[in-house]
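Asker: Sharing a structure here in structure tokens format.
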Amino acid sequence: MKKYLLSFSFAIIVAAASVAQRTPQPSPGSSIIQTVGISDFTVKYSRPGIKGRSVFGENTPIAPVGQLWRTGANQSTILESSTDFTFGDKTVPAGKYALFSIPNKTKWVVILNKNLTGGTEGYKDSDDAARVEITPLFGEFKETFEVNFSNVSDSTTLLNIEWGSVTVPVKLSVATHALTIASLDKAVQDKPEDVQTLQSAAGYLLLKNQDLPKALALTDKAIGLQENWSNQWIKAQILNKLGKTAEALPAAQKAITLGTAAPDGAFNFYKTQIAKSITEMQAKIPAIDVKAKGKKKKK
């Protein structure tokens, strides 16, 4: 019994010690993830506060101008990208990088470095993956250091370094269209008989109005495997964009018929749009027929 009590007491002491190990940090950790197209950017960093001190000045106690700064506190700030990207105007492979900067009043130097653990002491410019000059912006005062993303599109975003009254925006770009096409081509290659994969590839090409003959071939293959309202509607839109309205109309009508027979949430959302397109196609076909007949008479 005594042995049991001693063991129990030891367990309580260990548990208490484990809980006590976590205390508030002067510069708490933070992370942020931003998706751009099909690429994910992740930043992990620590957030110091100014706390009455000065930053970004001549010989300031924190981040003085002209000196290498870890761009945060504690460990190195880490930027990770799931795909190749452009940092400012520099092309960078996918991966993890330490984010450094050299503050200056008119131009900041912002750096991605391959050494993730060395900090400023272990920094070597030979490990730089990218180094760009950015003009800082000045605005609302921020007590706590922050890294965030803004102006997000499907291929670009701004990575903002913000502290005090300074914001340093670094443009990040990704080749979203090329990456998406490569991903879709691989998916079709890996699953050539998968209806959803074929429809997704065709739908993306339709959305971007690119390589419509390829999109039509993918859709026809999907229809051959498993006809549904969705692939008939994709086919109708592709044919209509190719100027083949007379062929597009029956495909759109079939989409309505199939969707009405077996409705789902997506069909209920799109059926009004499909019906409107059918009306517009029907209005175009007589004009197309008249033009065709006129050309025949001239011959």
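Please treat every number below as a calculation from the coordinates, not as lab data. Small disclaimer: the values here were computed from a predicted structure and weren't measured. Virtual Cβ from ideal backbone geometry, glycine too; neighbours counted across all protein chains shown.
Asker: Can you give the net charge of the other residues whose Cβ lies under 15 Å from the Cβ of residue 95, counting K and R as +1 and D and E as -1?
Answerer: Taking every Cβ under 15 Å from that of residue 95, the sum is -1.
Asker: Quote the charge dipole size of the chain about the Cα centre in Debye, to the nearest 20; the model charges only the Cβ of Lys and Arg (+1) and of Asp and Glu (-1).
Answerer: 1060
Asker: Return the calculated 222 nm mean residue ellipticity for the chain, to the nearest 500 deg cm²/dmol, obtained by summing -39500 (n - 2.57) across DSSP H runs with n ≥ 4 and dividing by the residue count.
Answerer: -14500 deg cm²/dmol
Asker: Given contacts defined as C-alpha pairs under 8 Å and at least six residues apart, what's the relative contact order of the chain, whole-number percent?
Answerer: RCO, the chain: 10 percent.
Asker: Limiting things to C-alpha atoms, what are the Rg and the maximum Cα-Cα separation (Dmax) for the stretch 177-280, in angstroms?
Answerer: Every Cα atom of the stretch 177-280 included, Rg and Dmax give 13.3, 39 Å.
Asker: Residue 244 to residue 74: extension gain in nm, 0.36 nm per residue of separation minus the Cα-Cα distance?
Answerer: Length gained between residue 244 and residue 74: 54.9 nm.
Asker: Relative to the first principal axis of the alpha-carbon coordinates of the chain, what is the inclination of helix 176-190, with its axis defined by its Cα atoms, in degrees from 0 to 90 and to the nearest 10?
Answerer: Once rounded, one gets 70 degrees.
Asker: Any idea which of 137, 192, 62 is furthest toward the positive side of the dipole for the chain, if Lys and Arg beta-carbons carry +1 and Asp and Glu beta-carbons -1?
Answerer: Toward the positive end, the furthest listed residue is 192.
Asker: Rounded to the nearest 0.05, what FRET efficiency is calculated for residue 227 and residue 42 with R0 set to 45 Å and r the Cβ-Cβ distance?
Answerer: Efficiency for this residue pair is about 0.60.
Asker: Helix 195-208 against the longest principal axis of the chain: what's the angle in degrees, Cα atoms only, rounded to the nearest 10?
Answerer: 90
Asker: Residue by residue, what Karplus-based ³J(HN,Hα) values in Hz, rounded to whole numbers, does the stretch 34-46 have, using 6.51, -1.76 and 1.60 with θ = phi - 60° and x for Gly and Pro?
Answerer: Here the 3J(HN,Hα) series is 10, 8, 10, x, 10, 10, 10, 9, 10, 10, 10, 7, 10 Hz.
Asker: Taking 0.36 nm per intervening residue step and subtracting the Cα-Cα distance, what contour gain separates residue 261 from residue 107 on full extension?
Answerer: Extra length from residue 261 to residue 107 when fully extended: 49.1 nm.
Asker: Roughly how tilted is helix 265-298, in degrees to the nearest 10 and between 0 and 90, from the longest Cα axis of the chain?
Answerer: Approximately 50 degrees, to the nearest 10.
Asker: Still on this model: If you take the beta carbon distance between residue 23 and residue 131 as r and set R0 to 45 Å, what does 1/(1 + (r/R0)^6) give as a FRET efficiency, to the nearest 0.05?
Answerer: 0.75
Asker: Return the FRET efficiency for the residue pair residue 210, residue 143: r is the Cβ-Cβ distance, R0 is 51 Å, and the value is rounded to the nearest 0.05.
Answerer: That pair, residue 210 with residue 143, gives E of 0.60.
Asker: Cα centroid distance between the stretch 106-129 and the stretch 221-251, in Å?
Answerer: So the separation of the two Cα centres works out to 53 Å.
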